[in-house]
Amino acid sequence: MSSSIYGRLALTNLRNNRKTYLPYLLTGALTVMMYYIIGALCRSESIPKDGPLNTCLGLGAGVMALFSVIFLFYTNSFLIKRRKKEIGVYNILGMGKRHIGKMLCLETLLTALACIGAGLVLGIVFGKLMYLLLLKILHYDVGMSFAVSPAAMVQTLALFLAIFAMTLAYNLLQIRKARPVELLRGGNQGEKEPRTRWLLAILGVVMVGIGYYLAVITKEPLEALQTFFVAVICVIIGTYALFVAGSIALLKFLKKRKSFYYQPSHFTTVSGMIYRMKQNGVGLANICILSTMVLVVISSTVSLYAGMEDVLHTRFPREISVRMAADAGKEQDLQEILQDVTAEYEVTPSREIAHHVGETAVLREGDVLEATPGPDADFSMAEISEAYMIPLEDYNQMEGSQETLEEGEVLVYDSRGSWEGDTLGIGGKTWKVRKEIGRPKAAESETSQTTQDVYLIFPDVQEIAEVLTYVRENNTSGMDEEYLMSITQVEYVDSFDLSGSDETKVAVAEELTERLADSGLPGVDCESRELSRESFYLLYGGIFFIGLYLGVMFLMATVLIIYYKQISEGYDDRERYQIMQKVGMDKREVRRSIRSQVLTVFFLPLLVAFVHIAVAFKVITKLLITFNMTNEPLYAACTVITGGVFAVFYVVVFAVTAREYYRIVN
């Protein structure tokens, strides 16, 4: 055969299959564009390589690369399936598989050049827009500059050439393995009624049940970090199994119920749905999983960004917090520095809390707080707590109380509820619990967001130091001695708010930080809400940007899969229309039957996605706590709004793709 004929055939094939290839080319170009843009931003020399923003962008680029491979490979498998009959005709007419392979190579080359070329051009054109959007989200001038990145272009080119090479290898393998007769009916394989795979259906129920159970029973943020991804994997596996096998098992069960099945409105619907679920089970599961990902990613990142002030106030309950290693006499030096700086800027401290405190992580075992669990200890994250130990004098001063303690007695506040016994063991010793107290004021500035807390009021600082010494001496974790020493010592903490403008507060915090650094005070450290605001916006703004970015990608994939599903069902239903009319059904009955099937199949993934989100709500709120996001009503509102907007978008996509469906059927 002449070599030029392969090129003409490739162009003709792409033109004749434009209904399926144009969306593929468009989404391919958009995928290339989005990957290049995030790669260029990630490589910007103006973004610190070890900063939170660069970390977010790098993570987003990795997810985009993985998603691009899966997404383009999946859509290509749909395209080659739809074209098997056409390729079979070429084979029957005399083209050998070697010649068909050459034709497919040229088609893939043209497709790759179109997608990559258009994607890179669009990336360069719209890269500036994404750069400005990112700056708007960050709220701060971080010194970023926009420039075309040759390194990002090379990496994008290499990645997508590899993806298209993999799709070509898959297509050639499909053609090589298939016989001409199989190719001719490749688009309509599997017209026999599907078997009921009860084992797979039961597996789906069990896996979804396990995932839901893990999501519901999770109580602590640290525990959520462990269980969330296990639950996600279980739910994904279960969703695929239920759509592929569980739906058919349910329909077969309804079919066996003769009183239900042998009714005009049920007969055609149930029988038609059995074939639909066999052909579209994987696609529907993909739509469901992608819809769930869109809802989770967008709602959580939007709530984090919208609740930035809540996050800052949770992380920094007071505007300035100064800590130093407890050292008799040095506390007065620290107070003098604080007074000098606040007087210099004419600001007044308010809501001030000053106290000594010792902290250590503990493992609860009844009325014993084991501060040094061994490496072989068997425990869950839910059993880990943070113990804050405060001397009685400081507690009475903060609370304005007159509590007293005898030797060997402590006061206890347990954030989980009532203390379980009359004694308390910690640090190798046992104390008598004199009484339980209410939530101390120190909890406003000390409380951890990721663990349950226990506040212990000791008679004096010396006993607290003895407990921490025991923790250091019995450490079995292999932790660095210097670091262990820094986290197991009694500290003096002074936290307060300031009057004045935000600019004044920033100036006070900067001056205070500089003075303390030069003071020679032991282990001194200063935290400021206003000084940390920029770094938080960089981190959470980067997360928000990546969330929107990935949300758009998942949404684009959902739309494309829906479109291909409608096209595929349109060709299948055209034959079903003819068969139903031949057996005596009028056009109105046929339309009603198929329309009910299409609507049921189309909206089933959305319904299941909403169920997944509802069950996962609790565990996601726990995960957000690790990001200092404790405003649950805000996250609930973001989830509801995101779900509503997505549902409207889903209906619009259905209306648009349904027109193409009915055009094919008619």
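The values are calculated or read from the model by the stated rules, or taken from the named source; none is laboratory data. Fair warning: this is a prediction, and the values are worked out from it, not measured in the lab. Cβ atoms come from the backbone with ideal geometry, glycine included; neighbour counts cover every protein chain shown. Remember, those area values only see protein heavy atoms, side chains included, never the ligands or the DNA or RNA. Shrake-Rupley method; radii C 1.70, N 1.55, O 1.52, S 1.80 Å.
Please verify whether region 456-472 includes one or more residues that are at pLDDT 85 or above, within 38 Å of the chain's Cα centre (by Cα) and in a strand (DSSP E or B).
Yes, that holds for at least one residue.
Could you tell me which numbered condition Met64 fails, if it satisfies all but one of (1) open to solvent by less than 20 Å² (accessible area, probe 1.4 Å); (2) modelled with pLDDT of 80 or more; (3) touching a Leu at 6+ places or on another chain (Cβ under 6 Å)?
(3)
Looking at region 29-85 only, could you name the residues that are of a type in the set (Lys, Arg) and in a helix (DSSP H, G or I)?
Those that are of a type in the set (Lys, Arg) and in a helix (DSSP H, G or I): Lys81, Arg82, Lys84, Lys85.
May I ask you to list pairs of residues, at least six apart or on different chains, whose Cβ atoms are under 9 Å apart, with the first in region 464-481 being farther than 14 Å from Ala361 by Cα and surrounded by 12 or more Cβ atoms within 10 Å (Cβ to Cβ) and the second being modelled with pLDDT of 70 or more and of a type in the set (D, E, K, R)?
Every condition considered, the pairs that remain are Glu466/Lys429.
Has region 554-563 got at least one residue that is assigned to a loop (DSSP other than H, G, I, E, B) and open to solvent by 30 Å² or more (accessible area, probe 1.4 Å)?
no
For region 345-369: of the residues being within 17 Å of Leu512 (Cβ to Cβ), touching a helix residue (DSSP H, G or I) at 6+ places or on another chain (Cβ under 7 Å) and not β-branched (Val, Ile, Thr), which is surrounded by the fewest Cβ atoms within 10 Å (Cβ to Cβ)?
Tyr345
Take the conditions open to solvent by less than 30 Å² (accessible area, probe 1.4 Å), among the charged types (D, E, K, R) and more than 30 Å from Phe545 (Cα to Cα) and apply them to Arg83. Does it pass?
yes
Give region 621-666 a look and list any residue that's open to solvent by less than 30 Å² (accessible area, probe 1.4 Å), aromatic (Phe, Trp, Tyr) and more than 19 Å from the chain's Cα centre (by Cα), or say none.
Tyr650, Phe654, Tyr661
May I ask you to list the residues in region 500-527 that are among the polar types (S, T, N, Q), open to solvent by less than 50 Å² (accessible area, probe 1.4 Å) and over 19 Å from Gln332 (Cβ atoms)?
Residue satisfying the conditions is Thr504 alone.
Which of the following residues is in a helix (DSSP H, G or I), over 22 Å from Ala285 (Cα atoms) and among the aliphatic types (A, V, I, L, M): Val619, Val645?
Going through Val619, Val645 in turn, the sole match is Val619.
Could you identify the single residue in Leu284, Leu304, Leu338 that is modelled with pLDDT of 85 or more and out of contact with any strand residue (DSSP E or B) (no Cβ under 9 Å at 6 or more places or on another chain)?
Of Leu284, Leu304, Leu338, the one residue that is modelled with pLDDT of 85 or more and out of contact with any strand residue (DSSP E or B) (no Cβ under 9 Å at 6 or more places or on another chain) is Leu304.
Under 6 Å between Cβ atoms, which residue pairs at least 6 apart in sequence (or on different chains) link something in region 412-432 that is open to solvent by 20 Å² or more (accessible area, probe 1.4 Å) with a partner that is aromatic (Phe, Trp, Tyr)?
Filtered contacts from region 412-432: Tyr413/Tyr455; Gly428/Tyr470.
Limited to region 409-429, what total is found for residues that are within 24 Å of Val471 (Cα to Cα) and modelled with pLDDT under 90?
Residues flagged as within 24 Å of Val471 (Cα to Cα) and modelled with pLDDT under 90 within region 409-429 amount to 14.
Is it the case, given these coordinates, that Ser46 is surrounded by fewer than 22 Cβ atoms within 10 Å (Cβ to Cβ) and in contact with a helix residue (DSSP H, G or I) (Cβ under 7 Å, 6 or more places away or on another chain)?
The answer is no for Ser46.
Every residue, every condition in (1) modelled with pLDDT of 85 or more; (2) surrounded by 15 or more Cβ atoms within 10 Å (Cβ to Cβ); (3) out of contact with any strand residue (DSSP E or B) (no Cβ under 7 Å at 6 or more places or on another chain); (4) within 21 Å of Asn76 (Cβ to Cβ), yes or no:
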{"residue": "Glu107", "(1), (2), (3), (4)": "yes, yes, yes, yes"}
{"residue": "Gly123", "(1), (2), (3), (4)": "yes, yes, yes, no"}
{"residue": "Leu132", "(1), (2), (3), (4)": "no, no, yes, no"}
{"residue": "Lys136", "(1), (2), (3), (4)": "no, no, yes, no"}
{"residue": "Ala147", "(1), (2), (3), (4)": "no, no, yes, no"}
{"residue": "Ala152", "(1), (2), (3), (4)": "yes, yes, yes, no"}
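Criterion first (modelled with pLDDT under 65 and part of a loop (DSSP other than H, G, I, E, B)) does Glu182 satisfy it?
In short, no.
Do the conditions hold for Leu634, that is, is it out of contact with any strand residue (DSSP E or B) (no Cβ under 7 Å at 6 or more places or on another chain), modelled with pLDDT of 90 or more and over 24 Å from Tyr240 (Cα atoms)?
For Leu634, the condition - out of contact with any strand residue (DSSP E or B) (no Cβ under 7 Å at 6 or more places or on another chain), modelled with pLDDT of 90 or more and over 24 Å from Tyr240 (Cα atoms) - is met.
Filter region 508-563 down to residues that are over 35 Å from the mean Cα position of the chain (by Cα) and in contact (Cβ under 8 Å) with a residue 12 or more places away in the chain, then give me how many there are.
Result for region 508-563: 12.
If I filter region 223-240 down to residues being open to solvent by 30 Å² or more (accessible area, probe 1.4 Å) and aliphatic (A, V, I, L, M), which single residue comes out as farthest from Gly204 (Cα to Cα)?
Leu225
Take the residues of region 358-376 that are in contact with a strand residue (DSSP E or B) (Cβ under 7 Å, 6 or more places away or on another chain) and in a loop (DSSP other than H, G, I, E, B): which is modelled with the lowest pLDDT?
Pro373
Out of the residues in region 305-335 that are in contact with a Gly (Cβ under 8 Å, 6 or more places away or on another chain) and not charged (D, E, K, R), state the one that is most open to solvent (accessible area, probe 1.4 Å).
If we take residues in region 305-335 being in contact with a Gly (Cβ under 8 Å, 6 or more places away or on another chain) and not charged (D, E, K, R), then Tyr305 is most open to solvent (accessible area, probe 1.4 Å).
Restricting attention to region 89-96, does a residue exist that is assigned to a helix (DSSP H, G or I), within 14 Å of Met166 (Cα to Cα) and either open to solvent by 50 Å² or more (accessible area, probe 1.4 Å) or touching a Ser or Thr at 6+ places or on another chain (Cβ under 8 Å) (or both)?
No, because not a single residue in region 89-96 is assigned to a helix (DSSP H, G or I), within 14 Å of Met166 (Cα to Cα) and either open to solvent by 50 Å² or more (accessible area, probe 1.4 Å) or touching a Ser or Thr at 6+ places or on another chain (Cβ under 8 Å) (or both).
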